Every structure is written in C-alpha cells, then in structure tokens.
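The values are calculated or read from the model by the stated rules, or taken from the named source; none is laboratory data. A quick note: this is a predicted structure, and the numbers were derived from the prediction, not measured. Neighbour counts run over all protein chains shown; Cβ positions are idealised from the backbone, glycine included.
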Amino acid sequence: MTNNGRHHERNIRIMIVDDEFFISRSLAFLLEKEGYDCCTANDGEEALQLLAQEKPDLIFLDINMPNKNGYEVCREIKGNPDTQDIVVIMLTAKGQSEFEEKSFGAGADAFLLKPYDPNQVMTLVEKSLKIGALPPSDGG
C-alpha cells in the first residue's frame, strides 16, 4: 500500500495533545491513514514527559487542557534547545484573534481551529514540514 502516493524518507512522527479523546483519536486516524506515525497525550504534563522518548517532528497542541495549558507547553518546547525545532500547531475551538496572537507569542508555528477540515490539516502538515520541498541531493 502506498498511503495515497505519499512516500517519506523516514517515518514522520506527530504528537497530538488534546484532553478530548475524540479529537486526538480522529486526528491520529487521519494522519496515520496518510502514512504518519502518531502518538497522543491527554494533557500538557503527559506531553512533556513523552517528548524525549517519542521525539516528534510536529505537535498538534490544544490550548485549553488540565495541568499545563498549551501556551505553557509550547513555551517549554520552544525554550529547550533539544526541542525548539519541533513544529508546534496550536489547536482551539475559540476563533478570537487574541488566542491566535497568544499562540504565536508562545512560539507556535501555526494555528488551527476545531472543528478542522481534513484537507486543511494535511495541507498545514505538509507545508509545516516542507514535505516535497526538500533540496535536490548532491549528485548520487
């Protein structure tokens, strides 16, 4: 099976952090169907604990969660030299511009409103990870 024609040099790992089980599972299902490896965390604390072992390339991070909210988690990720290059996409059901501004202020790379459109998710993931935009190899 070719995963809808998508081929990756290595498996790209995506972490989904959301305290709503249905959201995290449906997003993981969509991404796994496209050939990505996914892991989930139920809150910010769990996400930070899993970060070292999972080593994700991209994180979907809900803003409103128990223990640590998405802004706090994002600041910790972006403030750590070992994790600062991970792409962080903030998720929220609240569309006010203040949430978007606060997300970017915390270091987020992108912002996505729930409920999300599956095509929008895939476009955002590919754009964020620059899939297909890799420079040509030098000769080989």
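A few remarks follow.
- Among residues of the range 67-93 being touching a helix residue (DSSP H, G or I) at 6+ places or on another chain (Cβ under 6 Å) and among the polar types (S, T, N, Q), the one that is nearest to Val121 (Cα to Cα) is Thr92.
- Flag if Arg13 is out of contact with any helix residue (DSSP H, G or I) (no Cβ under 7 Å at 6 or more places or on another chain) and of a type in the set (D, E, K, R): no
- Residue in the range 70-84 that is of a type in the set (Phe, Trp, Tyr), buried (at least 21 other Cβ atoms within 10 Å of the Cβ) and either at pLDDT 95 or above or part of a strand (DSSP E or B) (or both) present: no
- For beta carbons closer than 6 Å, sequence separation of 6+ or different chains, a first residue in the range 30-54 that is closer than 13 Å to Ile16 by Cβ and free of Cβ contacts under 8 Å to residues at least 24 places away in the same chain and a second that is not in a loop (DSSP other than H, G, I, E, B) and not β-branched (Val, Ile, Thr), the qualifying pairs are Glu32/Cys38.
- Against the numbered list (1) modelled with pLDDT under 95; (2) under 24 Å from Arg25 (Cα atoms); (3) crowded, with 17+ Cβ neighbours inside 10 Å, Lys102 comes up short only at (2).
- All told, Ala108 meets the bar of being part of a loop (DSSP other than H, G, I, E, B), within 15 Å of the chain's Cα centre (by Cα) and surrounded by 18 or more Cβ atoms within 10 Å (Cβ to Cβ).
- Ile14 closer than 18 Å to Glu126 by Cα and crowded, with 17+ Cβ neighbours inside 10 Å: yes
- Of everything listed in (1) of a type in the set (Lys, Arg); (2) on the phi > 0 side of the Ramachandran plot; (3) touching a residue at least 24 places away in the same chain (Cβ under 8 Å), the single unmet condition for Lys130 is (3).
- Pairs where the first residue, in the range 60-75, is under 10 Å from Gly107 (Cα atoms) and the second is outside any strand (DSSP E or B) and of a type in the set (Lys, Arg), C-beta under 7 Å, 6+ apart: Tyr71/Lys102
- Search result, residues across the range 50-69 that are over 13 Å from Ile14 (Cα atoms) and in a loop (DSSP other than H, G, I, E, B): Ile63, Asn64, Met65, Pro66, Asn67, Lys68, Asn69
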